[in-house]
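Quick notes on the structure that follows.
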Number of protein chains: 2
Amino acid sequence: MPIEKRKIIPVWEAVRSVLDQTFELPTETIPLEESDNRYLAEDIKTTHDVPPFDRSPYDGFAIRAEDTNGASKQAPVILNVIDSIGAGHVSEKTVQEGEAVRLMTGAAIPKGANAVIMLELVSERDSVHIEIRRTVLPGDNISEQGEDTEQGTQILKKGSKIHPGAVALLATFGYERVKVMKKPVVGILATGTELLDVGEELVPGKIRNSNAYMIASQIKKIGGEPHILGKLPDDFEQTYTGIVSALERCDVLITTGGVSVGDFDHLPAIYKKMGAKLLFNKIAMRPGSVTSAADYKGKLLFGLSGNPSACFVGCELFVRPYLLNALNADKVHLGVLKTELQEDFLKPNPFTRFVRSRVEWRGSAPFSVPVGLDKSGSVSSLAEANALIVLPGGTRGWEKGSEVTTLLLDGEGSVWPWDLAEKSKL
Amino acid sequence: MPIEKRKIIPVWEAVRSVLDQTFELPTETIPLEESDNRYLAEDIKTTHDVPPFDRSPYDGFAIRAEDTNGASKQAPVILNVIDSIGAGHVSEKTVQEGEAVRLMTGAAIPKGANAVIMLELVSERDSVHIEIRRTVLPGDNISEQGEDTEQGTQILKKGSKIHPGAVALLATFGYERVKVMKKPVVGILATGTELLDVGEELVPGKIRNSNAYMIASQIKKIGGEPHILGKLPDDFEQTYTGIVSALERCDVLITTGGVSVGDFDHLPAIYKKMGAKLLFNKIAMRPGSVTSAADYKGKLLFGLSGNPSACFVGCELFVRPYLLNALNADKVHLGVLKTELQEDFLKPNPFTRFVRSRVEWRGSAPFSVPVGLDKSGSVSSLAEANALIVLPGGTRGWEKGSEVTTLLLDGEGSVWPWDLAEKSKL
């Protein structure tokens, strides 16, 4: 099979063409306890006022403010304590003239009372009489129903990822079950005759299929449900049949080859035979220039390189935003940060490079150290990288100390990290 | 029950006293596909050389370098192509004088060959003859077995959290199953007569139990296995019995109250009755000054405040490092960063404050915006915060623009974030 002529496009054009594809995910309703890291399928509103009733912010006594008119050290007012209530209880009594109810923080204000005086400002004469030596105003020390937030206020947005704070809000407002987006099912097919299963003994000429497991882990982290669908040998018919049948079992399909070159020779022809609409099959980036994507009847196929670095980067740059878009997230791309480059990259490259690196901080100043540039690092960089340095392609190199755009592998993500890149003709 | 006199200690002393406790977790061996976010129970070493055999980094021809001696445009050398192999295959032939084997990237170098010449530097005369017009040196274009990494090299450390890159390494080296630390079982007990279950209708005087669900979500994120063990009313005997019986079912126990004050009056007396060794029961921090911890027969009990903010902060500052320490992680505390404060906090406070906030970046400069300072924010801050600003206690306030220590709720964590704090007498 001859290698087809490929049209090369910039990274952000490839990203945009992926985001232009629509992809509808169903929703499902699940128990709150299982909702961590899922994406909300609807806006969440408060189901009651906060506080839900007039309550006391302190331990103290609920009183009628008017009973303290004129009270002073010289002329204290004596009130009868008619009840004592803890949080969670409601007094059945009504506070009448000359009466008070003792209450704990969070307890509801009893009927008849219109103010609270704090415990430490009161003298307890005996078990049923208190002495007040100051004037209290109506409303003093009462947290009024709804004063924090009214019922019906939106507190979480559709597409939010559920984290511990969101769980607290959902519990507070009685969301025992939560409507979330179903996880997109992502099929993963590894191609390459040289691939062994993870459990197989190494034999001459072969290597183990690590990319499929790596992609599965990336997909889980993004919020999808990976299905490793096995391996295909380097054979056109078997690869074609494997891809078509895999597509029936997933929402999105990712293929990855075994080594760096040659694995993708079949893909353009397979896309053509399937009648899939090609989005791109060559990108001005290193690693991963042979990354491809095609739309087959509304399902996207990603052809990631078999080179582990290229495969990793392709999944983060293209598959991530596609899946997060379907999950209604608003920050679908990797987070972005300017960092100080800690190595020289003096040799210019016409393609934009993505360099696996570690971002760290000196106080508030972030710097990025490329990992895995030496040979042994090509293995360990997989363990250590927490970011990708973006080195725009062109006629210049990059010196140690340069400020470079850096994409963060962990954390919140960004709305569109490519603006700076586009402006600088990345 | 009278409130006992409590001895107040600085935050980092409380953290240190927690880390001084030992806590042995068992290990378990699980399938690689289920190992995401788990903590390795052993160092991981390469099980073979990388590359595992001498291989070609390019598409080309394996040759004997000596056959090209003196080759030039004027005097090309002609070689017989005796075999053609793809990645994953091994040639059964031995390259003899005047012979070559065509191979694809990643293919093993056949016997007899000692160099590779790239496809594009060769003229193919016919299907079995190539013409070479330059001298090739022995070793040219051969990736030698073990040149990247030798067998037995450590690539992942005990205590590492398993992420996609680590999964790729484990797959590459045949770790079909992975030895990880068992998840610590964390019991969660909510105390407070005012608490309703999440599914219950709101009734006057009561609020729903949101802290238990929030803590469960935090524990999962940290790497533990939360068990919500129900609610206890504000009653000494019932709370005592509930705690003792809960401790039998978990490695660590967290209690949390329902509202801000009063909930913890029982705890010191309960610790005493149990014969638990108190680590601390008052900390110079806001919120959460009444946070306590005690050691009962080698199991730690954390008494977190019932105030949602205090409960959240207490779990992140004290429970997190205790669990991660048991999981052998090396960065057991929240990540730390200096940021520019975006609000005035002019009123001094003798206690160290932890202010829920959002960290964002302008280019490479991080700034932090407190969330939830207004009343309505007390609800929404749970949704929006991604960090805690640390405002050291003392006699001064903090102005907008100050550089402040900030703890990050997401990402990698830190080894010990309190150094700066200690130096600045936080």
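With the crude spin-label approximation of a point 7 Å out along Cα→Cβ, what separation in nm comes out for B:MET274 versus A:THR22?
Output for this residue pair reads 5.7 nm.
Measure off, as a whole percent, the carbon and sulfur share of the 1.4 Å-probe accessible area of the protein assembly as shown, all protein chains present.
Heavy-atom surface of the protein assembly as shown belonging to carbon and sulfur, 1.4 Å probe: 47 percent.
At a cut-off of 30 Å², which residues of the range B:170-186 become less accessible once all protein chains are present than in their chain alone, using a 1.4 Å probe?
For the range B:170-186, once contacts with the other chains are taken into account, B:ALA171, B:THR172, B:GLY174, B:GLU176 lose 30 Å² or more.
Output the antiparallel fraction of DSSP beta bridges having both residues in the protein assembly as shown, as a percent to the nearest 5.
65
List the residues of the range A:107-131 whose backbone N lies under 20 Å from a point placed 7 Å from the Cα of A:SER72 along the Cα-to-Cβ direction.
A:121-123, A:131
Give the shape of the range A:132-238 as rounded, prolate or oblate, defined through the alpha-carbon gyration tensor: a ≥ b ≥ c are the square roots of its eigenvalues, a/c under 1.5 means rounded, and otherwise the shape is prolate if a/b is larger than b/c and oblate if not.
Because a/c hits 1.5 or more and a/b exceeds b/c, the range A:132-238 counts as prolate.
State, to one decimal in nm and shortest first, how far the label point of A:LYS111 sits from each corresponding label point in the other identical copies (label point: 7 angstrom along Cα-to-Cβ).
10.2
After finding the eigenvalues of the alpha carbon gyration tensor for chain A, what semi-axes result from the square roots of 5 times each, listed largest first in whole Å?
The three semi-axes for chain A are 64, 25, 18 Å.
Percentage of Cα-Cα pair distances in the range B:202-262 greater than 18 Å, rounded to whole percent?
So the pairs more than 18 Å apart make up 42 percent of the total in the range B:202-262.
Can you list the residues of the range B:192-209 whose accessible area drops by at least 20 Å² going from the chain on its own to the full set of protein chains, with a 1.4 Å probe?
With the partner chains in place, the range B:192-209 has these residues losing at least 20 Å²: B:THR193, B:GLU194, B:VAL198, B:GLY199, B:LEU202, B:PRO204, B:GLY205, B:LYS206, B:ILE207, B:ARG208.
In nm, to one decimal, how far is the modelled label at A:GLU131 from the one at B:GLU237, with both set 7 Å along Cα→Cβ?
Reported label-point gap for A:GLU131 and B:GLU237 is 3.7 nm.
Can you pull the semi-axes for the range B:335-423, root of five times each eigenvalue of the Cα gyration tensor, sorted largest first, whole Å?
In descending order the semi-axes read 18, 18, 13 Å.
Probe radius 1.4 Å, ligands and nucleic acids left out: can you give me the accessible area buried at the B-A interface, summed over both chains, in Å² to the nearest hundred?
Counting protein atoms only, the buried area is about 6200 Å².
Could you pull the copy-to-copy label distances for A:GLY70, with points set 7 Å along Cα to Cβ, in nm to one decimal and sorted shortest first?
Counterpart label points of A:GLY70 in the remaining copies fall at 12.9 nm.
Can you tell me, using C-alpha contacts under 8 Å and at least 6 residues apart, the relative contact order of chain B as a whole percent?
It comes to 16 percent, rounded to a whole number.
What Kirkwood hydrodynamic radius do you get for the protein assembly as shown when you take the inverse of the mean 1/r over all pairs of distinct Cα atoms, in Å?
Its Kirkwood hydrodynamic radius stands at 30.3 Å.
At B:ALA365, label 7 Å along Cα→Cβ: distances to the other copies, nm, ascending?
Copy-to-copy label distances at B:ALA365, shortest first: 1.4 nm.
Which three lengths, in whole Å and largest first, does the range B:179-309 cover when its Cα atoms are put on their principal axes?
48, 34, 30
When the Cα atoms of the range A:253-347 are enclosed in a convex hull and the volume is divided per residue, what value in Å³ results?
118
Can you give the direction-averaged projected area of the convex hull of the alpha-carbon atoms in the range A:60-132, in nm²?
Here the figure is 4.3 nm², rounded to one decimal.
Give the chain A residue with the shortest beta-carbon distance to the rotation axis relating chain A to chain B, plus that distance as a whole number of Å.
Axis-proximal residue of A, distance in whole Å: A:GLY411, 3.
Quick one: Debye curve from the C-alpha atoms of the range A:1-134, no solvent, what's log10 I(q)/I(0) at q = 0.10, 0.14, 0.15, 0.21 Å⁻¹?
-0.55, -0.74, -0.80, -1.18
What accessible area per residue comes out for chain B, rounded to a whole number of Å², with a 1.4 Å probe?
Heavy-atom SASA per residue in chain B reads 42 Å².
So for the range B:60-132: antiparallel DSSP bridges make up what percent, rounded to the nearest 5?
Approximately 70 percent, going by the DSSP bridge assignments.
The values are calculated or read from the model by the stated rules, or taken from the named source; none is laboratory data. Everything quoted here is computed from the prediction, not taken from an experiment. Here Cβ is always computed from backbone atoms with ideal geometry, including for glycine, and neighbour counts include all displayed protein chains. For accessibility, only protein heavy atoms count, side chains too; no ligands or nucleic acids. Shrake-Rupley method; radii C 1.70, N 1.55, O 1.52, S 1.80 Å.
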